[in-house]
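Working notes, beginning with the structure itself.
Values quoted throughout were computed directly from the atomic coordinates according to the rules given, and no laboratory measurement underlies them. Since the structure is predicted, the reported quantities are computational estimates derived from the model, not experimental observations. Here the Cβ positions follow ideal geometry from the backbone for every residue, glycine too, while neighbour counts run over all protein chains shown.
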């Protein structure tokens, strides 16, 4: 039997990005998606762009360049988990 912790250690790392501009960060994420899933990834990109604007309007969510998002009014970055 294997534990969930061991199973997680054996999985690949989550894709991330280093770009500071939102459009470039999302482009980096899509580039990491397997080719057969690119169409779905592009749809999800549109959802992500909309979601980042829902926080507090235009410019409220920005890439921190380390795989997270800085949100206006928050001290730490928002992570994917």
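Computed values, structure above
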{"item": "For 18, 50, order by how many other beta-carbon atoms lie within 10 Å, fewest first", "result": "50, 18"}
{"item": "Spin-label model distance (nm) - residue 58 vs residue 75, 7 Å beyond Cα toward Cβ", "result": "3.1"}
{"item": "Once the Cα gyration tensor of the range 16-71 is diagonalised, semi-axes √(5λ) in Å", "result": "20, 14, 7"}
{"item": "Helix 22-31 axis, angle to the chain major axis (alpha carbon atoms, nearest 10°)", "result": "20"}
{"item": "Acute angle (nearest 10 degrees) that the helix 38-54 long axis makes with the longest principal axis of the chain, alpha-carbon atoms", "result": "50"}
{"item": "The chain: most fluctuating residue of 20, 42, 11 per GNM, C-alpha cutoff 10 Å", "result": "11"}
